[in-house]
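Values quoted throughout were computed directly from the atomic coordinates according to the rules given, and no laboratory measurement underlies them. Quantities reported herein were computed from a predicted structural model and do not represent experimental measurements. Methodologically, a virtual Cβ is constructed for each residue, glycine included, from the backbone with ideal geometry; neighbour enumeration extends over all protein chains shown.
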Amino acid sequence: MEMMSGKTATGQGGSRRAIAVALALVTSLFFLWGLSYGLLDVLNKHFQETLHVSHAQSGLLQAAYFGAYFLWALPAAALMERAGYKTGILLGLGLYAAGALLFVPATASASYPMFLFALFVIASGLGCLETAANPYVTVLGPQATAARRLNLSQSFNGLGQFVGPLLGGLLFFREAGDATAAAGASDPVRVVYVAIAVVVIAMAVLFWRTSLPDIREKARGGEPAAVAVPLLGQRHFVLSVVAQFFYVAAQVGVGAFFINFVTRGGGISSQQAAYLLSVAMVMLLAGRFLGTALMSVVAPGKLLGAYGAANVVLVLVAMTSDNPRVYIAALLGVFFFMSIMFPTIFALGIQGLGGSTKRGASFLIMSIVGGAIAPYLMGTISDAHGIATAFLVPAGCFAVVCAYGFFGSRVRAG
């Protein structure tokens, strides 16, 4: 994918207005997958209570979800190489809607494996959407502002992640703990996911009827084609894949067991903890807007390294404190400093890849598989040694992100 100036983007993809419309539409997709992810963390605790699964078993939700990203990233990139971004977006929205509708038979049978399959289909669609949307945003404008632009779009992902736990906390949990309440708890889950399917189908129709700037690697109008580069020879890219793997592992692990962590003292209900998770997502959203602004004066790599170091400290504080106010505040701080990590690692990783950008982006999306591994590992540690000990996993992951920001993100071959 050609990393082009604003002028080139306009010449190849259409008018500035067309690019603005495309950016707005694609940014709306970030909200949709943020909503899905926000609901996932609430479902983790919800299924522990209603289907009586262990912490390790509940971690299989994330395994199914983020495992789909790993499987779909390369096929989605190959499809878009041949057919363009719009085709990848439409396929992603179709799979998202189909997976959401699978919650109807899953709730009717109260089958945990069926829920896992439905989430796998949803995440297959989201894998296509992310493989398309993240690199597309970076080329809809100047390369110099790609990280800021992607952070801005990802802010709407944070908004979706805020709405998800709020909605799940309001609808999924029952104050009564009897079997009747638990059995009925699947009904609001079904309603929520059918509503999501309707919205996603409407978005698919809107994208289908809208002409998007078709930015490809092939030369057009006298513009030179982007030159492909050997990905393994790009040290900053290779290390970005490693950093993204560990970042997503940390993010998903912290989110998956946030409710378990804050309810460990017994003074906070699952519903209250779900609302606190929404507060955490507000922190993430605020951090992303602030981080986007800070990148105008601080180099993205240095800011990423500083945020990674802050999160190592905050996770260790949360683990070692017995004061609910302290460990809850520390975890909320973790979400604030996670805010810029995914889009910044992504934008730094694909710098200078030229015609290899789509393929590089697909590997960065594949690295999301870290989110499939960490929750199961944390759940296993939690079942054996307690939830606080399990948070050693994200602490180590944030240390890797810190090192990438300070030392691994500079563009140089070899």
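Structure summary
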| quantity | calculated |
| --- | --- |
| Virtual spin-label span in nm between Val279 and Thr145, 7 Å along Cα→Cβ | 3.6 |
| Residues Val205, Val53, Val400, sorted so that the one with the fewest Cβ neighbours within 10 Å comes first | Val205, Val53, Val400 |
| Contact order normalised by residue count of the chain, Cα under 8 Å, 6+ apart, percent | 29 |
| Cut-off 14 Å, label 7 Å out along Cα→Cβ of Val104, residues of region 189-204 by amide N | 190-199, 201 |
| Which of Asp383, Asp187 has the fewest Cβ neighbours within 10 Å, and the rest in rising order | Asp187, Asp383 |
| Karplus-derived 3J(HN,Hα), 6.51/-1.76/1.60, for each residue of region 160-165, Hz, glycine and proline x | x, 5, 6, 5, x, x |
| Contour excess over end-to-end distance, with Cα ends at Thr87 and Ala18 and 0.36 nm allotted per residue | 23.1 nm |
| Packing-based exposure ordering (other Cβ within 10 Å, fewest first) of Cys397, Cys128, Cys402 | Cys402, Cys397, Cys128 |
| Proximal charge balance of Thr292 [Cβ under 10 Å; K/R count +1, D/E count -1] | +3 |
| 5 angstrom amide H check on Gln234, placed H, neighbours 5+ away | Gly414 |
| Residue-span extension gain [Val317 to Gln57] - 0.36 nm each, minus C-alpha spacing | 90.9 nm |
| Net lengthening on full extension, Leu71/Trp208 (0.36 nm per residue, minus Cα-Cα) | 46.8 nm |
| Approximate spin-label separation Ala195-Thr380, in nm, with each point projected 7 Å along Cα-to-Cβ | 3.8 |
